[in-house]
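One structure below.
The values are calculated or read from the model by the stated rules, or taken from the named source; none is laboratory data. No experiment lies behind these values; they were computed from the predicted model shown. Ideal geometry is used to build each Cβ from the backbone, glycine not excepted, and the neighbour counts take in all protein chains shown. The protein model used for the area step is the full one, side chains on, heavy atoms only, and it has no ligands, DNA or RNA in it. Shrake-Rupley method; radii C 1.70, N 1.55, O 1.52, S 1.80 Å.
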Amino acid sequence: MRGHHTRIAVAITVEGSDEIATALQMARHEVGNGAGLVEWRVDALAEEAGALQSILRLVRESPAPCIVTIRHADEGGAWRGDDTDRVSLLEAIGASDFGPRYVDFEMAHLARSANLRQKVMLAVDHASQPRDLKTSLILSTHDFDGRPADLTRRLAAMWAEPACAVAKIAWKARSVRDCLEAFELLREAPKPLIALCMGAFGMPSRVLAAKFGAFLTYARPEGDPGTAPGQPTVSQLRELYRFDALTRGTCVFGVVGWPIEHSLSPHLHNAGFGAIHFDGVYLPMPVPPEWEHFKASLHAMLDFKPLDLRGLSVTLPHKEHLVRFVRENGGRLDPLSERCGSANTLLVGADGALEAVNTDAPAAVAALAVGLGLDPDASAQLAAGIDVARVRDGDSIRRQWTARRVAVLGAGGVARAVAAGLSLAGAKVVVFNRTQSRAEALESQLHNQPMPGGGRAHVVAGRPSELGCGCFHAFVNCTSLGMEGGPDSKASPIEDDVSLDGSVVMDTVYRPMRTPLLRLAASRGARVIDGSAMFVRQAEMQFERFTDRAAPAGLFQGLLEVALGA
Ligand code: NAP
């Protein structure tokens, strides 16, 4: 059903007649926010005495065309009564002078008896009503555990039912790959179809319903848990994901990681796309930690060409997986990803060509360059491994970095990228880590590596006692100390007795922006740079690669500060 404008249906649960006024108010609010349909979920209300009048009031006063659903308990609803009573109620609702635009009924129940089917037909078949006032049938099927094994058979049965005006299939996704099957169903649907995946893996199906021409997508009212797991709010769909702007040709981007629900990247990239009128959308794509999950999810998304996947941000714990994936699939690695073995960006050409890029390290180096009074853009280029001869004033910037000693605290993924980037810029890097052997492993991987345009990288492991030597121009925290929800949010990786006066102290942790380390450093006369500087720059660099356009100046920083309450 391509070409159809996909509407947003806000699903509102009404459990009793005392909730009707509030429910109507909620509906008015959400229709004001842009919902085009209201689904009245009256599973419990339908069991009350006087249910018919209550439901008809909801329909009559509904601020937008509506769907009435009395969902049975065995398909995720609260109705536990008899099917005949339920259908009699639907029949009376449908027969009223102001029937709803749709009633929803489950395929499995319709198929149970010819008598029941006959009665459902009566609920939607009123020859006397004008066509545009008629109630039509949404025939639905749900699986809250996973993809139903007989999904194809269920759909075929719904297509074969003459009274089915719209078919709906919803199941709990076990991976983002399930969404691709929903898109395939939408592409092949002979009649209007709603195909949605529930749960955290299903968000792409809820948003990209618009790209693939679904009949509608459901949303929950603000402050409400929703009628199914994973429903976004109307505002999230329209403001965050720019639902109304999505077209069949919209390019898809996303952030792959585990966990991913708190990622701020969708807020930045989608706002950026909107600001430059770029036909793209950026989605959270949770992928469990193991390599096999990463590999299978990426292959599936890349192989499904109608998705138009053009790029991904890749975060914990998949940055090394990305390098491996691109290597194994004949893609290109930028010099930095090649050197440090981890990348945070996947670019997919229109011809399917893959490129892995690391924007974390150039972003960190550029942020630190600002603190040290060096040219940030040229520093970022050097850190990305671009030949010094191709960088404006490259020789001079490299010399300035060569005169800087930087202490990198930590030896994990971020530390490795930052140490690689700093050493490519020319800095003398000393790595300090709780587990000394990991710092030494970094030294053996990065030290003495040839630099583009000549020279050798300087990365050595430091002993804890050397941290206080007073000979560092800058300190960069790449441990997770100080991070909200990390191993110790109150701790600082630098002891009180280390002299910081006159140096630059940068944190890569950005939640919170003011970490214990930065508070200590500021009180000791150091110049401090918070983790938002690196986060914003790495996102801006990704954005530029995704769209071939610069991110609007200041936009990402402003959004991040709002999101972090800074
Ligand atoms: P990782 O690979 O897990 O490494 C964690 C590092 O922290 C290791 O060096 C570890 O030391 C050290 N550490 C952990 N707990 C410690 C403790 N209690 N005491 C001392 N050291 C401890 O993590 P990662 O991927 O490198 O990420 C590190 C941080 O970077 C994250 O917390 C995140 O906030 C930040 N980050 C920022 C950005 C940005 O754009 N600003 C992007 C990504 C990440 P051992 O080796 O001894 O275990």
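In the range 9-22, the count of residues that are hydroxyl-bearing (S, T, Y), part of a strand (DSSP E or B), closer than 18 Å to T135 by Cα and assigned by TED's automatic domain parsing to the domain that holds A170 is zero. Within the range 381-396, being in a loop (DSSP other than H, G, I, E, B) and small (G, A, S) holds for A384, G385.
The number of residues in the range 415-452 that are away from the ligand (no atom under 16 Å from the Cβ) and either under 35 Å from the mean Cα position of the chain (by Cα) or open to solvent by less than 60 Å² (accessible area, probe 1.4 Å) (or both) comes to 8. Search the range 435-449 for residues that are within 23 Å of P493 (Cα to Cα) and pair each with any residue that is more than 15 Å from the ligand (Cβ to nearest atom) when their beta-carbon atoms are under 7 Å apart and the residues are at least 6 apart or on different chains. That search, which allows pairs on different chains as well, returns E443/V460; L446/S423; L446/A457. Selection within the range 360-406: residues that are buried (at least 19 other Cβ atoms within 10 Å of the Cβ), more than 29 Å from the chain's Cα centre (by Cα) and of a type in the set (V, I, T). The member of this set that is farthest from the ligand (Cβ to nearest atom) is V388. When E544 is tested against (1) near the ligand (Cβ under 10 Å from one of its atoms); (2) open to solvent by 40 Å² or more (accessible area, probe 1.4 Å); (3) acidic (D, E), exactly one condition is not met: (1).
Summed over the range 265-279, the residues that are open to solvent by less than 10 Å² (accessible area, probe 1.4 Å) and hydrophobic (A, V, I, L, M, F, W, C) give a count of 2.
Results for (1) within 30 Å of L185 (Cα to Cα); (2) within 16 Å of the ligand (Cβ to nearest atom), shown as yes or no for each residue.
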site: F304; (1), (2): yes, no
site: R310; (1), (2): yes, no
site: S313; (1), (2): yes, yes
site: P317; (1), (2): no, yes
site: E320; (1), (2): no, yes
site: R324; (1), (2): no, no
site: R327; (1), (2): no, no
site: G331; (1), (2): no, no
site: L336; (1), (2): no, yes
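Against the definition (open to solvent by 30 Å² or more (accessible area, probe 1.4 Å) and at negative phi), how does D43 come out, yes or no? Criteria not met by D43. Taken together, the residues in the range 422-440 that are over 22 Å from P335 (Cα atoms), in contact with a helix residue (DSSP H, G or I) (Cβ under 7 Å, 6 or more places away or on another chain) and of a type in the set (S, T, Y) amount to 0. With respect to L90, is the statement that it is closer than 20 Å to A11 by Cα and open to solvent by less than 60 Å² (accessible area, probe 1.4 Å) true? Answer is yes for this residue.
Checked against the criteria, L500 does not count as more than 27 Å from Q381 (Cα to Cα), outside the structural domain of A383 (by TED's automatic domain parsing), more than 10 Å from the ligand (Cβ to nearest atom) and of a type in the set (A, V, I, L, M). As a summary of the residue check, F556 satisfies the conditions (1) open to solvent by less than 60 Å² (accessible area, probe 1.4 Å); (2) among the hydrophobic types (A, V, I, L, M, F, W, C); (3) over 17 Å from the mean Cα position of the chain (by Cα); (4) within 16 Å of the ligand (Cβ to nearest atom) except for the one numbered (3). Candidates are the residues of the range 249-264 that are crowded, with 23+ Cβ neighbours inside 10 Å and not hydrophobic (A, V, I, L, M, F, W, C); the one that is farthest from the chain's Cα centre (by Cα) is G257.
Screening the range 265-303 for residues that are in contact (Cβ under 8 Å) with a residue 24 or more places away in the chain and assigned to a loop (DSSP other than H, G, I, E, B) and picking the one that is nearest to the chain's Cα centre (by Cα) gives V287.
Among the residues of the range 491-532, how many are open to solvent by 40 Å² or more (accessible area, probe 1.4 Å) and out of contact with any helix residue (DSSP H, G or I) (no Cβ under 6 Å at 6 or more places or on another chain)? Looking only at that region, the number is 14. Contact map, the range 161-188: first residue farther than 18 Å from T217 by Cα and charged (D, E, K, R), second residue in a helix (DSSP H, G or I) and open to solvent by 10 Å² or more (accessible area, probe 1.4 Å), Cβ cut-off under 9 Å, separation 6 or more or different chains; pairs are E161/M107; E161/R117; R174/F201; R177/F201; R177/A296; R177/A300.
Residue count for the range 469-496 under the criterion of being without any contact (Cβ under 8 Å) to a residue 12 or more places away in the chain and away from the ligand (no atom under 14 Å from the Cβ): the result is 1.
Counting residues in the range 160-175 that are closer than 30 Å to P286 by Cα and either at pLDDT below 95 or among the acidic types (D, E) (or both) gives zero. Among the residues of the range 338-356, those that are open to solvent by less than 10 Å² (accessible area, probe 1.4 Å) and within 15 Å of the ligand (Cβ to nearest atom) comprise C340, S342, A343, N344, T345.
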